[in-house]
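Structure below; questions to follow.
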Amino acid sequence: MKLPEFSPEPIRDEDQPGYQKEIWQPSWRCFCCRDLGIVDPHLARLVMPQYNSSLDRNPVCQAPGCNEGANWLHLKRNIDMRFTAAICQELDRINREHWRQATQQQFERYKKQLDIATGAIAQSHSLAISNRTSNDDREVQQRKAEIEAISPEQWGAMNKAYLVGKKDE
């Protein structure tokens, strides 16, 4: 048998060229159990404050529309069926709201960082301009006038010479 050849799949997308950072959003449908069928331990503690996921029976998710809990029914001794559909539905609502708030806070934090960075850049530009002497201003105006005086033919020649390269190179 000839083995297939796969291209590697990187672990960290942020290391790839062209990566744009996004606020992560969960892909699961049920926020009570995260599509695992067992109520998330931090949510289970809202109903059972002393809950220890290592020692206690796992509460099965019975949220409406979530059928993942059925995958655990064969483990009768290790599951807790006391979490009703209404309890799981409320835990789902609580966790959805938590994710909404966390996403909003993360968005606001990124926006604040962007505003700070943008402000710092603007301030550095304004400082650079305000620190110019009258001689510097004259020199900037002279360079600007020289650039504006270049004809389209001269721009074309410079483009060929410097940007496009020579054909025999």
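Can I get the semi-axes of segment 70-129's equivalent ellipsoid? Compute them from the C-alpha gyration tensor as square roots of 5 times the eigenvalues, in angstrom, largest first.
Numbers: eigenvalues 537, 27, 6 Å².
Rounded to whole Å, the semi-axes are 52, 12, 6.
What is the dipole size for segment 1-126, taken about its Cα centre, with +1 at each Lys and Arg Cβ and -1 at each Asp and Glu Cβ, in debye to the nearest 20?
380
For the chain, what is the mean residue ellipticity at 222 nm derived from helices alone (per DSSP H run of n ≥ 4: -39500 (n - 2.57); sum divided by total residues; nearest 500 deg cm²/dmol)?
Calculated mean residue ellipticity at 222 nm is -15000 deg cm²/dmol.
Let me check I've understood the local charge: for Asp92, count other residues with C-beta under 15 angstrom from its C-beta, Lys and Arg +1, Asp and Glu -1. What total comes out?
Spelling it out: positives minus negatives among the neighbours equals 0.
Sorted by average packing, counted as other Cβ atoms within 10 angstrom per residue and highest first, what order do 30-38, 83-91, 57-65 take?
30-38, 57-65, 83-91
Turning to a different aspect of this structure: Taking the Cα atoms only, what angle lies between the long axis of helix 134-148 and the longest principal axis of the chain, rounded to 10 degrees?
So the inclination is approximately 90 degrees.
Separate question: Mind checking which of Leu3, Ile38, Gln105 is farthest towards the positive end of the chain's charge dipole, using Cβ charges of +1 (Lys, Arg) and -1 (Asp, Glu) about the Cα centre?
Farthest towards the positive end: Ile38.
Taking R0 as 25 Å, what FRET efficiency do you get between Val140 and Asp115 from their Cβ-Cβ distance, rounded to the nearest 0.05? List each step's numbers first, then the result.
On the way: r = 29 Å, r/R0 = 1.16.
With a Förster radius of 25 Å, E is 0.30.
Could I ask something else about it? What do you get for the angle between helix 85-130 and the principal long axis of the chain? Use alpha-carbon atoms, 0 to 90 degrees, nearest ten.
It is inclined by approximately 20 degrees.
For segment 34-54 and segment 77-143, compute the distance between their C-alpha centroids and round to whole Å.
About 31 Å separates the Cα centre of segment 34-54 from the one of segment 77-143.
Give the shape of segment 38-78 as rounded, prolate or oblate, defined through the alpha-carbon gyration tensor: a ≥ b ≥ c are the square roots of its eigenvalues, a/c under 1.5 means rounded, and otherwise the shape is prolate if a/b is larger than b/c and oblate if not.
oblate
Only the coordinates and a few stated rules stand behind these numbers; no lab work does. Everything quoted here is computed from the prediction, not taken from an experiment. Glycine also receives a Cβ, built like all others from the backbone with ideal geometry; neighbour counts cover every protein chain displayed.
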